[in-house]
Amino acid sequence: MSSTTQNAPSPVPGSVGSRPRGGIAAVLSRRHIGTIAALVALLIFNFIFTPHFATMQTLSVNLTQVCVIVIVGVGMTMVIATGGIDLSVGSIMAIAGAFAPQIFQGTLFPVPNLYTGIALAIVLSITVAGFFGLFNGWLVSSFRVQPIIATLILYIAGRGIAQVWTNGDLQVFKVPEFQQIAIGRVFGVPFQVWIMLALVLIAAWALQRTVFGRQVLAVGGNEQAAWLAGIPVRRVKRRVYVISGVCSGIAGLIVIAMNSAADANLIGMGIELDVIAAVAVGGTLLSGGRATIIGTLLGALIIQLVRYTLLANGVPDAAALVVKAGLIVLAVWLQRQDRA
Amino acid sequence: MATAEPFLSMQGINKSFGNIPALIDASLEVREGEVMALIGQNGAGKSTMIKVLNGFSRKDAGTITVNGAPWAATSPEMAQRGGISTIFQEINLIPFRSVTENIYLGREIKTRLGLLDLRAMQAGARKLLAEFDIDVDVRRPLGEFSTAIQQMVAIARAVSFDARLVIMDEPTSSLDETEVGVLFETIRRLKAKRVAVVFVSHKLDELYAVCDRVTVMRDGRTVAVSTMADMTKLQLVATMLGRDLAEVRRAGATAFTEGTRTIGEELLSVQDLAVGRRVSDASLSVRRGEIVGLAGLLGAGRTETARAIYGASPHEKGSIRLEGKETDFTAPADAIKAGIGFCSEDRKHEGIIPGMSVRENLTLALLPALSRAGIVDESRQREIVLRFIKEIGIKCSSPEQKIRELSGGNQQKVLLARWLCMNPKLLILDEPTRGIDVGAKAEIQRLIRKLADDGLGVLMISSEIEEIVEGSDRVFVLRDGKMTAEFDGEAINEPAVMGAMAHGHGEVA
């Protein structure tokens, strides 16, 4: 942060020990303790009972499983923080995923070389995703359409657009240079994990420290009061949906890079519910006003780890779904305790 | 007046919500075929009284008799079957269903097969509405008709339940003049059928137009019952506000003191303002360094005027000038940029962000100015917050305490500080001391005085007459959406202001 050498304000009586927490302490604030405890308990259980758990292989598998959900979850957390919801994330992923291969393969328009093509594919696909997010935000902010209805429109139409765009065909490609964004490794960790971590840290910091972040929470906390205090409520709402669209676009690219194929029918199918579950388990209030990006990361990790634990110990996937539902019930119950 | 037993008698009613008493030994009597006005300020207990009667709330103590028999409705529906219907301010019918369905809601006519007999119901609905001279297509959805017609349908529905008493809670607040006429005609028809009416309204002229008697409530008690003819408007207002007409000189009940008055040039000038249904012709002005009081009864259009000045609602007519320049605010953000601050009367819903800290609530509006490249400068933020906590004495455990945990008075101080840290030119305060305990109230009043002495222009709305009279350098009085009087300096006294609230200017009690 930039304000390094300003004279510290002279201490005022009664202010002892009440500094706003900074750095990592702020990011991992007290309210994450329960979530972290659950995560640690799961890890300990697995170290003891699950064979081959403490391997790089297991870590990679689990992290890559969770990456896409967390990346979409970053945008979703912002949207939910304003009291909204975004059901269209999966469809926007499909749009970005269907669009990108046509660019780097040069089928849409000629590209001078592969690397320019890849750069264009990434930038243009994410931009397009952002514009679809803007459409959501426009409906919500300018026409006061309820978020669940406004984003339902693209939930339905978005996948249709992606399918029409590709004629419903599966696009298979082998472009390792592009696929690095998902499967390349840096210090032994898949590149997509680094992308996820970067997005999480930037978003968590922005929510805490920037004017925009605080305005997001103010709008979710009391929209009328925020408006009367001069906060540009409509602009704030528009932006969170754009952010959600951009995050979905990034996630869509990672999915096709992992699969080395783009199938508009399947990319991001049903992901919105997994993401909302992660956000809720992480401790973000679904009615808005209180949000935690780190919580969303932890929530997604817990859900994934529970699923992995059950699978690795021979419990079928169908049963794992029931446990997942139980987790969500538990999270909602915990939130209610907290509010009382 | 030696008439028979009253139709309705409520005696010694007590009701508390938590520790806060809403009704204390309150009473209400209504005779058959009588139109009884029920009036009082916000929080006087009118609504609670109605809720206790129609079974929405349970009384803690007291007796209610209807037609001489004890009354024990435990729900509005049960009250309706017992002959007492309530027409709420917001009509509680279903706008998407037809007029017929609404009239027969909950007691539909069925054929032998158990199906709805639409034909019979439509005929019944037509016949019922004809009694009130209403001719509408009963098959159309209720929501397609005007508010007045919807209200008539609600009343017709009530009467069809064989209502002996109809309670109308501010029925005219969303009606225009001709619609009010239709409603009054309906009330007279009810009267002719020997149906009793309890009529809640803040518009004094209406009371004199349709009511026979009046019951005045204040602070949960019934303070006066009289025939309309025996009470002047001024007496009504004085009783409602709890001021003795004989007590002309004030005793100094508030913490406003005569400050060093250095009133500067004109800051705000409002001419011939019209806002929605509530404000038709309001003009006022505020100069630097002065507190201007805006007085009026509930529903007179005070808040609507303030919100229009602040850009929170559009105005249809008139001009608003700030420092001589016509304003064109489309949102509060524009007004804030121009140097105006506004504290809403509804702290909880329009003021605080409950889940956020004192620090964040205090700097909510200042945030953009506190940041560089969109990043909040937290050390400066903290400095400002601590300064204001100390300067205006906000009692909180730390700046990080959640604002919802503070008392009402301290919440209000944070909201005042939210504007003070912006260095505004004009501060609009809507009921700045409502719901605040006596000590904090005096502190806030002193603070407002000090701010004005330092050169700030203050426009203060208050329902407390002594706050207006003692706190203001000038007073404007709104009555039914029109500015009716202006008082300056020595001319500001309670009888004069109350007179203007009751009659408008010039008229004498």
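Screening segment B:31-63 for residues that are part of a loop (DSSP other than H, G, I, E, B), under 18 Å from the mean Cα position of the chain (by Cα) and polar (S, T, N, Q) and picking the one that is surrounded by the fewest Cβ atoms within 10 Å (Cβ to Cβ) gives B:Asn42.
So which residues in segment B:311-332 are in a loop (DSSP other than H, G, I, E, B) and small (Gly, Ala, Ser)? Listed by number, the residues that qualify are B:Gly311, B:Ala312, B:Ser313, B:Gly324, B:Ala331. Put simply, of B:Arg372, B:Arg387 the only residue that is at pLDDT below 90 and at negative phi is B:Arg372. Residues in segment B:399-416 that are modelled with pLDDT under 90 and within 11 Å of chain A (Cβ to nearest Cβ): B:Arg404 alone.
Taking the conditions (1) without any contact (Cβ under 8 Å) to a residue 40 or more places away in the chain; (2) among the aliphatic types (A, V, I, L, M); (3) closer than 26 Å to B:Ala282 by Cα in turn, B:Ala452 satisfies each one other than (1).
Within segment B:283-310, the residues that satisfy the criterion of being over 27 Å from B:Lys450 (Cβ atoms) and in a loop (DSSP other than H, G, I, E, B) are B:Leu297, B:Leu298, B:Gly299, B:Ala300, B:Gly301. Within segment B:315-354, being surrounded by fewer than 17 Cβ atoms within 10 Å (Cβ to Cβ) and either free of Cβ contacts under 8 Å to residues at least 12 places away in the same chain or closer than 18 Å to A:Asn222 by Cβ (or both) holds for B:Lys325, B:Glu326, B:Asp328, B:Lys337, B:Asp346, B:Lys348, B:His349. Looking across segment B:155-182, the residues that are closer than 21 Å to B:Met49 by Cα and touching a residue at least 40 places away in the same chain (Cβ under 8 Å) come down to B:Ile155, B:Ala158, B:Ala163, B:Arg164, B:Leu165, B:Val166, B:Ile167, B:Met168, B:Asp169, B:Glu170, B:Pro171, B:Ser173. Of the residues examined, B:Val497 is one that is at pLDDT below 90, in contact with a strand residue (DSSP E or B) (Cβ under 7 Å, 6 or more places away or on another chain) and either more than 26 Å from B:Ala338 (Cα to Cα) or not in a helix (DSSP H, G or I) (or both). Does B:Ala335 satisfy the criteria of being over 30 Å from B:Asp272 (Cβ atoms), more than 7 Å from chain A (Cβ to nearest Cβ), hydrophobic (A, V, I, L, M, F, W, C) and assigned to a helix (DSSP H, G or I)? No; evaluated as a whole, the condition is false for this residue. The residue that is surrounded by the fewest Cβ atoms within 10 Å (Cβ to Cβ), among those in segment B:355-380 that are under 35 Å from the mean Cα position of the chain (by Cα) and part of a loop (DSSP other than H, G, I, E, B), is B:Gly355.
If you go through segment B:382-392 and pick out every residue that is more than 7 Å from chain A (Cβ to nearest Cβ), out of contact with any Lys or Arg (no Cβ under 7 Å at 6 or more places or on another chain) and not basic (Lys, Arg), you end up with 4.
Among the candidates A:Ala251, A:Ala225, A:Ala278, the residue that is within 14 Å of chain B (Cβ to nearest Cβ) and outside any strand (DSSP E or B) is uniquely A:Ala225.
Taken over segment B:339-374, residues that are within 7 Å of chain A (Cβ to nearest Cβ) and within 20 Å of B:Gln401 (Cβ to Cβ) amount to 10.
The values are calculated or read from the model by the stated rules, or taken from the named source; none is laboratory data. Model, not experiment: these values are computed from the prediction. Cβ atoms come from the backbone with ideal geometry, glycine included; neighbour counts cover every protein chain shown.
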